[in-house]
Ligand SMILES: [Zn+2]
């Protein structure tokens with residue numbers, strides 16, 4: 001009884017192996033094309049990663065925060081601001097340990113600080129892009145691995 005079951009099981013196993021081989025041949029070309037596509041995409045993602053890292057590898061200084069122009073009253077009685085001519089100046093705002101911070105900018109430095117804060121924003125966007133590309137690369141590696149992997153014992 002046990003032996004019969006064992007033999008039947010073995011025959012089934014052989015049949016499965018044979019049909020798997022036929023299917024295997026049919027799937028070979030398809031898998032080859034898929035593998036080519038994945039390899040191509042991997043190379044494209046690596047190129048995008050390289051370009052994204054150019055932003056990170058630059059040497060220009062970064063300033064965290066945003067530059068705004070604000071208009072306000074100073075509180076001095078009879079000042080022109082009480083008649084609607086508000087004091088306008090530029091500030092840099094940023095958050096630090098969850099707190100909102102602000103400092104006023106001397107007019108000669110506004111252009112420079114604004115440029116550095118834009119550069120900071122670019123750096124942060126690049127960082128997000130890197131993490132997206134990194135995940136994509138890992139997903140591609142997994143797919144390539146699956147396509148290239150042979151079942152253990154296959155000849
Ligand atoms: Zn005033």
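The values are calculated or read from the model by the stated rules, or taken from the named source; none is laboratory data. Owing to the predicted nature of the structure, the values given are computational and were not obtained by experimental measurement. For neighbour counting, all protein chains shown are included, and Cβ atoms are generated from backbone atoms with ideal geometry for every residue, glycine included.
Do we have residue 46 as out of contact with any strand residue (DSSP E or B) (no Cβ under 7 Å at 6 or more places or on another chain), exposed (fewer than 14 other Cβ atoms within 10 Å of the Cβ) and within 30 Å of residue 150 (Cα to Cα) here?
Judged against the criteria, residue 46 is a match.
Residue 89 satisfies every condition listed in (1) surrounded by fewer than 13 Cβ atoms within 10 Å (Cβ to Cβ); (2) touching a strand residue (DSSP E or B) at 6+ places or on another chain (Cβ under 9 Å) except (1). Among what's in segment 49-90 and is within 8 Å of the ligand (Cβ to nearest atom) and part of a helix (DSSP H, G or I), pick the residue that is nearest to residue 113 (Cα to Cα). This residue is 81.
Across segment 59-79, what is the total count of residues that are surrounded by 12 or more Cβ atoms within 10 Å (Cβ to Cβ) and without any contact (Cβ under 8 Å) to a residue 60 or more places away in the chain? Working first, answer last.
Step one: list which residues in segment 59-79 are surrounded by 12 or more Cβ atoms within 10 Å (Cβ to Cβ), which gives 62-68, 70, 73, 79.
Then keep just the ones that are without any contact (Cβ under 8 Å) to a residue 60 or more places away in the chain; that gives 63-68, 70, 73, 79.
Adding up the residues that qualify gives 9.
If you go through segment 92-126 and keep only what is in contact with a strand residue (DSSP E or B) (Cβ under 8 Å, 6 or more places away or on another chain), modelled with pLDDT of 95 or more, more than 24 Å from residue 52 (Cα to Cα) and not in a strand (DSSP E or B), you end up with just 110. For residue 108, state whether it is over 30 Å from residue 143 (Cα atoms) and either surrounded by 11 or more Cβ atoms within 10 Å (Cβ to Cβ) or more than 16 Å from the ligand (Cβ to nearest atom) (or both). Spelling it out, residue 108 is indeed over 30 Å from residue 143 (Cα atoms) and either surrounded by 11 or more Cβ atoms within 10 Å (Cβ to Cβ) or more than 16 Å from the ligand (Cβ to nearest atom) (or both). Counting the residues of segment 31-43 that are surrounded by 12 or more Cβ atoms within 10 Å (Cβ to Cβ) and within 24 Å of residue 126 (Cβ to Cβ) gives 2.
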